[in-house]
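Values in this text are rule-based calculations from the coordinates and carry no lab data. Model, not experiment: these values are computed from the prediction. All Cβ positions, even for glycine, are placed from backbone atoms using ideal geometry, and neighbour counts span all protein chains on display.
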Ligand SMILES: [Zn+2]
C-alpha cells in the first residue's frame, strides 16, 4: 500500500506531458483546417471522420480498447484492476462549427487521451477503468440538434429519432453512418454507465481571462427561457398625431427591452437578457408602429432569480397595458438550470489548490455534453481561459501553458478518483 501511495504521489506531481498534448492538438487542428486558421469538421462529414480516425489510431497506439454505439459516439477504454467496476469517463467532442476553432471540444478529448497516455508512461494501474469519450454531433451545426450523441447515450433522445435527423438539404445521420465503414467495423460498447463524468473545455467567454485565473470550476449551466413578445398599439400618421395621443407599439417595446436589461443587471453577474429579433409593423418611416414582435431570451443560474427577472418584464408589460398598449408575453421554450455534482466539484477544487493555482467558480453560459451526462451520473466541468473569450471562431486561441494547466488538474483528479 505504501509503495502504491508513493508511486501515486510521484505521478501526480509529474503532471501531464505538455509537449505531447500540444502536438496532438496541433495535429488534430490540421484536420479540416480552414484558411482562416480554424477548423471545419461538421458532424459525420469526411473531415470529421478523418479527425475521429486519427484520434482512434492514437487511442489504439496507447493500448486503449475502442468501441462505439448506435449514434457514433467513440469510447476508448483503459482497463482498471477491477474490470467490472464502472469507469471514470472523460471527454468532449471532435465536431466543430462550419467556421470553428481548434480547441472547442478537441481540447477535452485530447486531454482525456493525455491522461491515459500519462498513466501508461508511469506504468500506473487504476482501480476503476478510465474511459475517454468523443461525443457525436455536439455542435448541432450540420444536424440541427446540439448535444445529440450525449443525449442519446443518456436516454434523453431516442436513437431512432436521432438517426432520422437530416442535414440541411442532405442525408440523414443513418445514411451517413451506413456509409461509414470504419464505424461499422467497430465493436459496440457493452459496459454499464460510468461512475463519474469529467469534461475539460475552453471557457468560450471572458470571465477567467479578466480575473487572470488559470482554472474555472463550473457550477452548472444557466437556465434558459425563451419568450415571444407581441406589443400591440395603433398605427397613426407620424406628423398630425401628438405624442400623448399615440399608442406607439415601438416605444412600448423599447421600454420593455430596457426593463429586461435592467432586470438582468439587477441579478448580475449571471443575469442575461437578449432581444435578438424584432419585427415592426407596418415598418414605414412616417407611420407610428401598430405592432412589434420580439424574441426575448432570459437566463440565470438560479431559477428564483430568473423568475424575478421574468416578473419584472411582465410587470412592465402590465404597466403598458394600462397605458393603452396591449402586451402579450408567451413562453416559447425553456431549459432548466443544471447543477454539477458538488462532491466532484470538491475534488476539482482540491486538485486545483494542491497544484497551487487560483480558480473561480462560475456557471457555463453555453451548453455542453456534460449537461446531458449530469442527468444520469455525477458530473463536473473544468474551464481554462481562451484568448479574449472568443470561440466558435477561427481566432479561438489558448496557450500551451493554459492547455497543460487544465490537463494537469484533470489528471490529478482522475488519479484521485480512479485509484
Ligand atoms: Zn464545445
For the chain, built as a Gaussian network whose Cα springs stay under 10 Å, the top-fluctuating residue of 113, 177, 258: 258
Stretchable slack from residue 262 to residue 342, in nm (0.36 nm times residue separation minus alpha-carbon distance): 25.7 nm
Region 120-210, relative contact order [Cα under 8 Å, separation at least 6], %: 12 percent
Tilt relative to the chain, helix 18-29 - C-alpha long axis, 0 to 90 degrees, to 10: 60 degrees
Cα-based Rg and Dmax for the chain, where Dmax is the largest Cα-Cα distance (Å): 24.5, 91
Candidates 333, 226, 135, ranked by Gaussian network fluctuation over the chain, Cα under 10 Å, top entry: 333
Additional length obtainable on full extension of the chain from residue 375 to residue 302, 0.36 nm per residue less Cα span: 24.5 nm
Principal axis box of region 249-392, alpha-carbon based, largest edge first, Å: 65, 31, 26
Distance between modelled label sites at residue 278 and residue 26, nm, 7 Å Cα→Cβ extension: 4.8 nm
Cα-projected label distance for residue 357 with residue 245, points at 7 Å along beta-carbon direction, nm: 6.8 nm
Calculated diffusion of region 142-211, Stokes-Einstein form, Kirkwood radius summed over Cα pairs, 37 °C and 0.692 mPa s, µm²/s: 217 µm²/s
Cα-based Kirkwood hydrodynamic radius, region 254-302, one decimal, Å: 12.1 Å
Helix 342-354 vs. the chain, principal-axis angle (Cα, 0 to 90°, nearest 10): 70 degrees
Span per principal axis, largest first, for the Cα atoms of region 14-89 (Å): 47, 38, 18
The chain: angle of helix 46-61 to the longest principal axis, Cα-based, in degrees nearest 10: 30 degrees
Globularity index of region 35-172, i.e. its alpha-carbon radius of gyration over 2.2 N^0.38 Å: 1.08
Fewest-first ranking of 368, 270, using other Cβ atoms within 10 Å as the exposure measure: 270, 368
Radius of gyration, Dmax [region 312-410; alpha carbons; angstrom]: 20.2, 62
Nearest-0.05 FRET efficiency for residue 230 and residue 36, computed from C-beta distance (R0 35 Å): 0.30
Computed [θ] at 222 nm, deg cm²/dmol, the chain (DSSP H ≥ 4; -39,500 (n - 2.57); rounded to nearest 500): -11500 deg cm²/dmol
Using a Förster distance of 35 Å, the FRET efficiency for residue 287-residue 335 (Cβ separation, nearest 0.05): 0.40
Cα convex hull of region 209-304, projected area averaged across orientations, nm²: 8.4 nm²
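Can you put 151, 342 in order of Cβ neighbours within 10 angstrom, beginning with the fewest?
Sorted ascending by nearby Cβ count, the order is 342, 151.
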Average silhouette area of region 277-351, convex hull of alpha-carbon atoms, in square nanometres: 7.8 nm²
Spatial extent of region 173-251: Rg and Dmax, with the Cα atoms as the point set, Å: 27.5, 76
GNM flexibility winner over the chain from 335, 243, 320 (Cα, springs under 10 Å): 243
The chain, relative contact order [Cα under 8 Å, separation at least 6], %: 23 percent
Using distinct alpha-carbon pairs, which all enter the 1/r mean, Kirkwood radius of region 119-264 in Å: 21.7 Å
